[in-house]
Amino acid sequence: MIESRPDNRPGYYEFFCGGGMVRAGLGDGWRCLFANDIDPRKAASWRANWGADALHVADIADLAAGDLPGEADLMWGSFPCQDLSLAGAGAGLDGQRSGTFHAFWSLARGLAADGRAPKMVVVENVCGALTSRGGLDFEIICQTFVDAGYRWGALVINADRFLPQSRPRLFVVGVLDNAESRGLELSAPAEPFHPPALRRAVDRLPEDLRRALVWWNLPAPAAAPPWLRDVVEPDGPGLVWHDEARTARLLAQMSPTNLAKVDAVRRNPGGGVGAVFRRTRRGPDGERVQRAEVRFDRAGCLRTPAGGSSRQILLVVAEGRVRTRLMTGRETARLMGLSDSYSLPVSHGAACHLTGDGVAVPVVRSLAEHLFEPLAAPTAPRKQAA
């Protein structure tokens, strides 16, 4: 009789899991013990890629610590950003959506009461969390870590270090007070992941929160990210291009500076691929004017396609000709670092919603390699309830 070997891989719980981009980033060296999301459409993508064994589709507020199996080394929560983002209404952590942060931590406290506190807790959100409600929300986030017995450290990581997409995000990584972290801490903040905006937010915190602060030592990637052209699908019958009139209208929305970028690429024999996104700017008389802006190195931050302005457009220049079209779902998946084997929703809108609401895969991989896996390796005892 062959005995099964115990699975010694570190385990994790993932909340607001979407289609499993954190799972993709952590990789096969980790065990997913529990995954949760409220959105049945995102859950369908999770099942299509990872199976249904660990997935629980429910409102996080309806869960209790007893619903979570085993003991996890890592508990991850990419809670909704709408109330913290610049585009939101400013409700912050008191808002209905971003306020799910509190339900997430209620589960973490319940695990601690059971003697199962995860060694690490990570929350991820937009950088607006640093300044939301005058810095109050960032203070609440940090205070919550400290009250639960965790030392905490924040990093601002832009996915453009790894991918051709500008996507800055705030990551707060907490580790239990009794966990070994030597060699993973810096004596002072350092670029690129402790930028001035983060340091200013930390300086505004009360002294007791700063005493629990860790400046995590995350090395910048050695390799340069790919270019935008590297993620573009080859031309073929499945791509739907805008007609010439629509492309002309888009170009007419560009400022002289952006038109000059297009003209420079047009003169380049090799052509180029750019990403166009719309912005509302102030005109010469103070009026609000919709502008189209283009970059030829990387895309702007992917967002959920709630409106036309959030839909990124590809601008392709070849042999002096300019053509435009919407980015495909597969292209947005590549911009998030997902492999082409990842199964996307059939609907273009659903695919873009899934990717625009996710976490960049290579960012998670970098955090796992340089922080989570070294922190998971020691066998420090778990914190018991006081």
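The values are calculated or read from the model by the stated rules, or taken from the named source; none is laboratory data. From a predicted model like this one, the values you see are computed outputs, not experimental measurements. All Cβ positions, even for glycine, are placed from backbone atoms using ideal geometry, and neighbour counts span all protein chains on display.
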Query raised in the report: Looking at the range 131-142, is at least one residue surrounded by fewer than 19 Cβ atoms within 10 Å (Cβ to Cβ) and acidic (Asp, Glu)?
Result: yes
Report task. Could you please find all residues in the range 28-43 being touching a residue at least 24 places away in the same chain (Cβ under 8 Å), crowded, with 16+ Cβ neighbours inside 10 Å and not in a strand (DSSP E or B)? Result -> 30, 42
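Name the residue, out of 311, 229, 298, 266, that is more than 30 Å from the chain's Cα centre (by Cα) and in contact (Cβ under 8 Å) with a residue 40 or more places away in the chain.
Values: 311 fails: more than 30 Å from the chain's Cα centre (by Cα); 229 fails: more than 30 Å from the chain's Cα centre (by Cα); 298 fails: more than 30 Å from the chain's Cα centre (by Cα).
266 is the lone residue from the list that is more than 30 Å from the chain's Cα centre (by Cα) and in contact (Cβ under 8 Å) with a residue 40 or more places away in the chain.
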Report summary line: Inside the range 314-341, the number of residues satisfying the requirement of being surrounded by 21 or more Cβ atoms within 10 Å (Cβ to Cβ) and either among the aliphatic types (A, V, I, L, M) or within 22 Å of residue 12 (Cβ to Cβ) (or both) is 9
Requested in this report: Go through the residues of the range 99-114 one by one and say whether even a single one is outside any helix (DSSP H, G or I) and at pLDDT below 90.
Outcome: yes
Requested in this report: Return the only residue of 281, 303 being in the same structural domain as residue 256 (by TED's automatic domain parsing), in a strand (DSSP E or B) and either within 22 Å of residue 158 (Cβ to Cβ) or not β-branched (Val, Ile, Thr) (or both).
Outcome: 281
Query raised in the report: Applying the selection to the range 1-27, what residues are surrounded by fewer than 16 Cβ atoms within 10 Å (Cβ to Cβ) and either within 21 Å of residue 350 (Cβ to Cβ) or without any contact (Cβ under 8 Å) to a residue 12 or more places away in the chain (or both)?
Result: 1, 2, 3, 4, 5, 6, 8
Requested in this report: Check 279, 298, 229, 211 and return the single one that is basic (Lys, Arg) and out of contact with any strand residue (DSSP E or B) (no Cβ under 7 Å at 6 or more places or on another chain).
Outcome: 211
Report summary line: Considering residues that are buried (at least 17 other Cβ atoms within 10 Å of the Cβ) and assigned to a helix (DSSP H, G or I), the number found within the range 50-61 is 2
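Does the range 167-184 hold any residues that are surrounded by fewer than 17 Cβ atoms within 10 Å (Cβ to Cβ) and at pLDDT 95 or above, and which are they? Talk me through it step by step, then tell me what you get.
Initial filter on the range 167-184 (surrounded by fewer than 17 Cβ atoms within 10 Å (Cβ to Cβ)): 168, 177-178, 180, 182-183.
Of everything in the range 167-184, just one residue is surrounded by fewer than 17 Cβ atoms within 10 Å (Cβ to Cβ) and at pLDDT 95 or above, namely 168.
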**Report entry** Residues that are over 18 Å from the mean Cα position of the chain (by Cα), modelled with pLDDT under 95 and in a loop (DSSP other than H, G, I, E, B), drawn from the range 334-386
**Finding:** 346, 347, 377, 378, 379, 380, 381, 382, 383, 384, 385, 386
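For the condition modelled with pLDDT of 95 or more, surrounded by fewer than 15 Cβ atoms within 10 Å (Cβ to Cβ) and at negative phi, what is the one hit in 244, 287?
244
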Report task. Any chance you could count how many residues in the range 206-229 are over 25 Å from residue 369 (Cα atoms) and not assigned by TED's automatic domain parsing to the domain that holds residue 184? Result -> 2
Requested in this report: Take the residues in the range 1-36 that are under 18 Å from residue 72 (Cα atoms) and charged (D, E, K, R), then tell me which one is modelled with the lowest pLDDT.
Outcome: 7
Query raised in the report: Within the range 6-22, can you find the residues that are under 22 Å from residue 117 (Cβ atoms), outside any loop (DSSP other than H, G, I, E, B) and not small (Gly, Ala, Ser)?
Result: 12, 13, 14, 15, 22
